[in-house]
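Working notes for the structure below.
The values are calculated or read from the model by the stated rules, or taken from the named source; none is laboratory data. These figures come from a predicted structure and were not determined experimentally. When the accessible area is computed, the model is the full protein with side chains, heavy atoms only, and any ligands, DNA or RNA have been set aside. Shrake-Rupley method; radii C 1.70, N 1.55, O 1.52, S 1.80 Å.
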Amino acid sequence: MKAIATFLLMVCSVFTAASQAQLKKLLERNVPCVFEGTEIKLDTAHYAETRNVSYSYAYTYPKYFKEIWPVEEVVSEVRKKTDAYIDTVTYLSPDKQASFKIFAGQVVPFPLGSRRGLKATDVLAVEKAVDDYIKILKAGKDKELGKVKISFLCKGTKGYNYSICLKGRKGQSQYLYKIIVAEMPVSGDLIFSHFLYQYPSIAKDKYDALGVTLANAFKADQ
């Protein structure tokens with residue numbers, strides 16, 4: 001019996017060491033994913049940076065764009081309607097040709113405190129969720145983007161944080177879509193946050209570089 005117990009302990013020790021090695025390898029990954037193209041200088045006279053602490057993202061917006069928030073109906077300090085997009089913010093250019101919206105998406109359960117009790121399987125579960133979302137994008141089933149002709153798509157990885165960048169066209173409209181997956185400060189779960197920018201193809205010279213710059217500036221607030 002003692003020999004069996006010793007053998008089981010050895011097997012368990014080898015398995016644990018292998019799991020820790022796999023986790024270490026996953027956390028050390030750093031694969032960038034950014035939009036290619038011309039960028040512009042974001043001077044503070046015309047652009048401002050803001051953060052959303054609840055959803056762990058930061059972004060830059062043009063001060064000359066109109067900021068639009070959804071109207072929330074409140075009755076006795078309680079929402080009259082549960083709206084998943086109540087936290088969506090939209091920015092519209094003065095000529096109404098270009099716009100972008102930022103909104104929160106799905107949540108993936110994750111151990112609180114980043115590495116406290118973190119296992120390789122936790123990281124791989126997040127990666128599967130990201131890969132599944134990429135399949136949705138390629139299939140044209142994203143409810144915000146729909147079917148577009150994709151000209152650029154990449155997946156970024158930094159430990160257990162991920163990003164997706166997509167550039168595509170639908171009809172006469174051009175789209176830049178960036179999704180980041182980052183840890184929420186209270187629950188520790190990971191959340192998909194979305195940046196969707198669009199402009200007409202005829203206004204490419206005016207709005208493409210701005211879109212590339214703003215999309216690359218949209219990042220995890222960590």
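Structure above, values below:
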quantity: Contour excess over end-to-end distance, with Cα ends at S173 and A125 and 0.36 nm allotted per residue; calculated: 13.9 nm
quantity: Spatially proximal aspartates and glutamates relative to K167 (Cα-Cα < 20 Å; intrachain offsets below 8 disregarded); calculated: E36, E39, D131, D132, D142, E144, D205, D208
quantity: Other-chain or far-sequence residues with amide H under 5 Å of Y47's (modelled H); calculated: K63
quantity: Candidate aspartates and glutamates - alpha carbon under 12 Å from K119, same-chain residues fewer than 8 apart omitted; calculated: none
quantity: Rounded accessible area of T121 (nearest 10 Å², 1.4 Å probe); calculated: 90
quantity: Distance from the range 176-222 to the range 21-67 (C-alpha centre basis), Å; calculated: 7
quantity: Computed accessible area, L210, all protein chains, 1.4 angstrom probe, square angstrom; calculated: 10
quantity: Extension gain, A21 back to D132 (0.36 nm per residue minus Cα-Cα distance, nm); calculated: 37.4 nm
quantity: Entries in K96/K143; K25/K149; K41/K143; K24/K141; K101/K135 that, when Cα-Cα distance is taken, lie over 26 Å; calculated: K25/K149; K41/K143; K24/K141
